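Trainee: My questions will all concern the structure given below.
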Amino acid sequence: MMIIEGCAVATVDASGTEYADGHVAVEDGRIVAVGSGSYPGPGERVDGTGCLATPGLVNTHHHLYQWATRGLAQQENLFGWLTDLYPIWARLDEQVVADTTAAGLGWLALSGCTTSSDHHYVFPNGVGDLVAAQAHAAAEIGLRFHLCRGSMDLGASAGGLPPDEVVEDTEAALAGTEAAIDRYHDPAPDAMLRVAVAPCSPFSATGKLMSEAATLARRRGVRLHTHLAETVEEEEYCREKHGCTPAEYAERLGWLGDDVWLAHAVHLDAGAVARFGATGTGVAHCPSSNARLGAGVAPVPDLLAAGAPVGLGVDGAASQETSQLGVELRQALYAARLRGGPAALTARQSLSLGTIGGARCLGRSDEMGSLEPGKLADVALWRIDGLGHAGIDDPVAALVFGPLATVELLLVGGRPVVEAGRLRTADERDLARRTVRAHERLLPR
């Protein structure tokens, strides 16, 4: 039994229950009690004075391999940025993927993240087992991990955007995806590793791959993930190639449903928003990346009003160099208000996006995303009594509006991953050295 007490608590449950001075008790990887005051039973006590306890944050979209290619293509839109970076990513190998996955997940943990997905879709020939590299690195850091086995089969010679050397044969991509499910997907309620089926995008995957991937995912009972409606250029591409919007194309291929979550969804008309809500299709909202690439602002308040699940994602580190999920709470708030005014999104709604909203996208809202008895003991304890937050009486406002708070304690299944702002499961200096090694392998001097 571990008891965190003396802290403010934002449970993010359906009623929005909060305690100004409360406790969270965990045992055997689960939350056993949440309430006001001190917990009456025995156990190891953690003094949470000056802190706010929340559910651990859930990252719904990332490309961890990009950790080694930050700071490039600084003034490009998405298509130009991809054109510049694809030739570099063609040099990926097993070592680079292992190093970047470990470093990126360690950095995410330091910003309050307990569960992360990752969308890896670049599989050059003869470079080792990239899926295994990710799985092992995630276990090293100790975060829950949703490995989205990506794929591309539409190279430049066939009218797609990626160069031919980084795409796969359609059947090979499907076979590789099913092999990842066979080897790594764990459907258990407390799973640390799950696999999703994730062709890259409408401009890098054929309709055949997209539709057969959806069939594969539903046959195997796993979730579906891809990019959609990120830029105006993508909409133009879909209208020219397919005679419809990206959202209409996705629906035509069987890619709307409550087992699907889509990255970005910036350029949706009212009809698409309504269809996402009606079908329970989730959205991974990536406000910082969308801003960095000048892609636009997703209609998050409209999606929420329609009933669509919306979570937060940092997106690939090469298009969002900060890659801190805690920062995205504020970025989501600001982006919504730039689009819809100061009442468009509240601090508590933003925290909900980063927790239970992300859990809904990943199909795990019964297991995580709120602090409730019986749920997984994935807890973030944020220090909000320092200079950067002093004088902000509302602890949730301090977390969301204020600077990124230090993570005093991060539990994943009750296991400490971060303590006092330091990573417990790996040496941060070693992760930095591994990052430099990966960078130099991809960009030799």
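The values are calculated or read from the model by the stated rules, or taken from the named source; none is laboratory data. No experiment lies behind these values; they were computed from the predicted model shown. Please note: Cβ atoms are built from the backbone with ideal geometry, for glycine as well, and neighbour counts cover all protein chains shown. The protein model used for the area step is the full one, side chains on, heavy atoms only, and it has no ligands, DNA or RNA in it. Shrake-Rupley method; radii C 1.70, N 1.55, O 1.52, S 1.80 Å.
Trainee: Could you list, in sequence order, all residues of segment 383-423 that are farther than 25 Å from PRO373 by Cα and either without any contact (Cβ under 8 Å) to a residue 12 or more places away in the chain or in a strand (DSSP E or B) (or both)?
Mentor: Listed by number, the residues that qualify are LEU387, ALA390, GLY391, ILE392, ASP393, THR406, ARG422, LEU423.
Trainee: Further question on the same structure: Can you tell me which residue in segment 190-212 is farthest from ASP84 (Cα to Cα), limited to those that are in a loop (DSSP other than H, G, I, E, B) and open to solvent by 40 Å² or more (accessible area, probe 1.4 Å)?
Mentor: Filtering segment 190-212 for residues that are in a loop (DSSP other than H, G, I, E, B) and open to solvent by 40 Å² or more (accessible area, probe 1.4 Å), the one farthest from ASP84 (Cα to Cα) comes out as ASP190.
Trainee: Next question. Kindly indicate which of ALA102, ALA73 is more than 23 Å from HIS264 (Cβ to Cβ) and among the small types (Gly, Ala, Ser).
Mentor: ALA102 is the lone residue from the list that is more than 23 Å from HIS264 (Cβ to Cβ) and among the small types (Gly, Ala, Ser).
Trainee: If I filter segment 133-155 for residues that are part of a strand (DSSP E or B) and farther than 22 Å from GLY358 by Cβ, do I get at least one hit?
Mentor: Yes: segment 133-155 contains one or more residues that are part of a strand (DSSP E or B) and farther than 22 Å from GLY358 by Cβ.
Trainee: If you don't mind, there's one more thing I want to ask. List pairs: first residue in segment 91-112 and free of Cβ contacts under 8 Å to residues at least 24 places away in the same chain, second residue buried (at least 24 other Cβ atoms within 10 Å of the Cβ) anywhere in the structure, Cβ distance under 7 angstrom, at least six positions apart or on different chains.
Mentor: No pair meets every condition.
Trainee: Across segment 164-189, what is the total count of residues that are part of a loop (DSSP other than H, G, I, E, B) and exposed (fewer than 14 other Cβ atoms within 10 Å of the Cβ)?
Mentor: So the answer is 5.
Trainee: Return a yes/no flag: does segment 350-370 have any residue that is more than 22 Å from THR17 (Cβ to Cβ), out of contact with any Phe, Trp or Tyr (no Cβ under 9 Å at 6 or more places or on another chain), at pLDDT 95 or above and open to solvent by less than 30 Å² (accessible area, probe 1.4 Å).
Mentor: There is no residue in segment 350-370 that is more than 22 Å from THR17 (Cβ to Cβ), out of contact with any Phe, Trp or Tyr (no Cβ under 9 Å at 6 or more places or on another chain), at pLDDT 95 or above and open to solvent by less than 30 Å² (accessible area, probe 1.4 Å).
Trainee: May I pose another question? Find the residue count for segment 339-349, including only residues that are open to solvent by 20 Å² or more (accessible area, probe 1.4 Å) and either acidic (Asp, Glu) or assigned to a helix (DSSP H, G or I) (or both).
Mentor: 4
Trainee: Identify all residues within segment 403-438 that are surrounded by fewer than 19 Cβ atoms within 10 Å (Cβ to Cβ) and more than 20 Å from THR114 (Cα to Cα); write none if there are none.
Mentor: Scanning segment 403-438 gives ARG429, ASP430, ALA432, ARG433, VAL436, ARG437.
Trainee: Evaluate segment 86-98: report whether one residue or more is out of contact with any helix residue (DSSP H, G or I) (no Cβ under 9 Å at 6 or more places or on another chain) and modelled with pLDDT of 95 or more.
Mentor: Within segment 86-98, not a single residue is out of contact with any helix residue (DSSP H, G or I) (no Cβ under 9 Å at 6 or more places or on another chain) and modelled with pLDDT of 95 or more.
Trainee: Is segment 122-133 home to any residue that is surrounded by fewer than 24 Cβ atoms within 10 Å (Cβ to Cβ), in contact with a Gly (Cβ under 8 Å, 6 or more places away or on another chain) and among the aromatic types (Phe, Trp, Tyr)?
Mentor: Yes, segment 122-133 contains at least one residue that is surrounded by fewer than 24 Cβ atoms within 10 Å (Cβ to Cβ), in contact with a Gly (Cβ under 8 Å, 6 or more places away or on another chain) and among the aromatic types (Phe, Trp, Tyr).
Trainee: Return only the number of the condition from (1) in contact with a helix residue (DSSP H, G or I) (Cβ under 6 Å, 6 or more places away or on another chain); (2) among the polar types (S, T, N, Q); (3) open to solvent by 30 Å² or more (accessible area, probe 1.4 Å) that THR101 does not satisfy.
Mentor: Single failed check for THR101: (3).
Trainee: On the phi > 0 side of the Ramachandran plot, open to solvent by less than 10 Å² (accessible area, probe 1.4 Å) and modelled with pLDDT of 95 or more, is that true of ALA229?
Mentor: Answer is yes for this residue.
Trainee: Got a sec? Which of ARG220, ARG149 is open to solvent by 30 Å² or more (accessible area, probe 1.4 Å) and in contact with a His (Cβ under 8 Å, 6 or more places away or on another chain)?
Mentor: ARG220
Trainee: Please give the number of the condition ALA336 fails out of (1) in a helix (DSSP H, G or I); (2) open to solvent by 10 Å² or more (accessible area, probe 1.4 Å); (3) aliphatic (A, V, I, L, M).
Mentor: Result: ALA336 passes all but (2).
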